[in-house]
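The values are calculated or read from the model by the stated rules, or taken from the named source; none is laboratory data. What you are looking at is a predicted structure, and each value in this text was computed from that prediction instead of being measured. Quick reminder, even Gly has a Cβ in these numbers, built from the backbone with ideal geometry, and neighbours come from all protein chains shown. Surface areas here come from the heavy atoms of the whole protein model, side chains and all, with no ligands, DNA or RNA. Shrake-Rupley method; radii C 1.70, N 1.55, O 1.52, S 1.80 Å.
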Amino acid sequence: MKRDDLIEQMVSEATSQKRVSPALLLVVSTGIALALTTALSYVFAAPAEAAGSRFDPVFLVKCAFVLSVMVGALSIVRDLSTPGREVKWHAALIGVPFVVMLALTIKELAVEHPSGLQHDLSHASLITCLWQVALLAVPTFVALSIVVRMLAPVNLARTGLYVGLLSGAIGAFGYAFHCHENYLTVVAAYYTLAIVQMGILGAVLGPRLLRWA
Amino acid sequence: MKQFELSLRANFLKGIDGDAAAYRQFLLDLREALKPHLTRMLSRLRQSQLDADDVVQETLVAVHNKRHTYDGETPLTAWITAIARYKVIDVMRRSTLHDFHVPIQDAGPILSAGDAEIDNRLTLRKAICGLPEKMKEALKLVKIQGMSVREAALATGSSEASVKVSVHRASRLLKRMLQP
């Protein structure tokens, strides 16, 4: 194909096109994913068990933690989906919720000396948290990967990492309605691992899933 | 440089709004600007064996395919440079051809032909197997299954320009591979 033929071909396809706002597209898709995941976790799990403790301070900390990670990851995914856009200082903000959780954990361990912590901190409950968060996060991960691929990410592993963290945070939000962990130490450890596992999955799969032509 | 950014951006935005003449001018200006830039980039990456014209074509098609996602806030030249870098990496990855092999279950029709025919078919099949996935698919749909470019574009979810480029590049690569 001659080079001028290619240009004429592209010109012939250049009819008026509605521009897509990457930020709007990502915010809307994340909002839908968050709503559907929450609804899904209500339908398929057993919310009655956790109903009594739903609005206690630990539950609110869980929600604040995962929602902050979600907002931070969303902002970075938006930057990474636009070629030439630098991921600026606000990328560091995603670390803030993790640092806050670490501080709360240290306070709980050093000051309050919780007695039932060892009972809650078990191998079985960790595994349950990890797979349930992953289960809730996978539909979001797939949907967001499709949306991000429609944009133009150029650093696929890094974009995949943040799409994974975003999906993991959404999955953890759904899981927060049903988990029985009452200690911030347990929440910090389990939720961080659950979100990070999705981030690693995203970084590994990103180069394949997000590749566009 | 600023003048170039402004004129390129003006033509690009008019092109997105359906102004064919402005879009043509944008593509021509971009092609001229990309050639030396990509040649330098390939040379810096010690990939001089790759054809800069091919990477220019790939970048033009990528910019064309993703034009509706341009946010208007990022400088257009930065947007295009990042896409060009992505395409260079993509082309470098695809340039490593896979090992040639014919699956045993596909060997039946080949074995029923004469010796020369067997050689020709095997050689061609091996060469097609060695093409990068995107080119192989476009070639198969258009040249073997007889689809039109439009049908192949719909089937693969890419633009007609992209399919045409893939078929053209596949044919050229096959020719190069089959030369004695």
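List of remarks:
- Counted as qualifying within segment A:111-177 are the helices (runs of 4 or more DSSP H) with 1 or more residues that are more than 13 Å from the chain's Cα centre (by Cα), of a type in the set (Asp, Glu) and modelled with pLDDT under 90, namely A:117-120.
- Residues that are of a type in the set (S, T, N, Q) and crowded, with 18+ Cβ neighbours inside 10 Å within segment B:125-173 comprise B:Ser158, B:Ser159, B:Ser162, B:Ser166, listed in sequence order.
- Assessment of segment A:99-115 against the conditions (touching a Cys at 6+ places or on another chain (Cβ under 7 Å) and open to solvent by less than 40 Å² (accessible area, probe 1.4 Å)) yields no matching residue.
- Of all the residues in segment B:81-91, those that are farther than 21 Å from B:Leu173 by Cβ, β-branched (Val, Ile, Thr) and open to solvent by 10 Å² or more (accessible area, probe 1.4 Å) number 1.
- Subset of segment A:1-47 that is among the small types (Gly, Ala, Ser), exposed (fewer than 13 other Cβ atoms within 10 Å of the Cβ) and at pLDDT 90 or above - its residue that is farthest from A:Thr82 (Cα to Cα): A:Ala35
- Across segment A:79-98, the qualifying residues are those that are open to solvent by 30 Å² or more (accessible area, probe 1.4 Å) and of a type in the set (A, V, I, L, M, F, W, C), and the one among them that is farthest from the chain's Cα centre (by Cα) is A:Trp89.
- For A:Val163, the stated conditions hold: it is buried (at least 16 other Cβ atoms within 10 Å of the Cβ) and among the aliphatic types (A, V, I, L, M).
- Residue that is surrounded by 14 or more Cβ atoms within 10 Å (Cβ to Cβ), modelled with pLDDT under 90 and in contact with a Pro (Cβ under 7 Å, 6 or more places away or on another chain), where the choices are B:Asp51, B:Asp19, B:Asp71: B:Asp71
- Taking residues in segment B:165-180 that are in contact (Cβ under 8 Å) with a residue 24 or more places away in the chain and within 13 Å of chain A (Cβ to nearest Cβ), and partners anywhere that are in a helix (DSSP H, G or I) and of a type in the set (D, E, K, R), the pairs with Cβ atoms closer than 6 Å and at least 6 places apart or on different chains are B:Ser166/B:Lys134.
- Of all residues in segment B:1-16 being of a type in the set (A, V, I, L, M) and open to solvent by 70 Å² or more (accessible area, probe 1.4 Å), the one that is nearest to B:Asp53 (Cα to Cα): B:Met1
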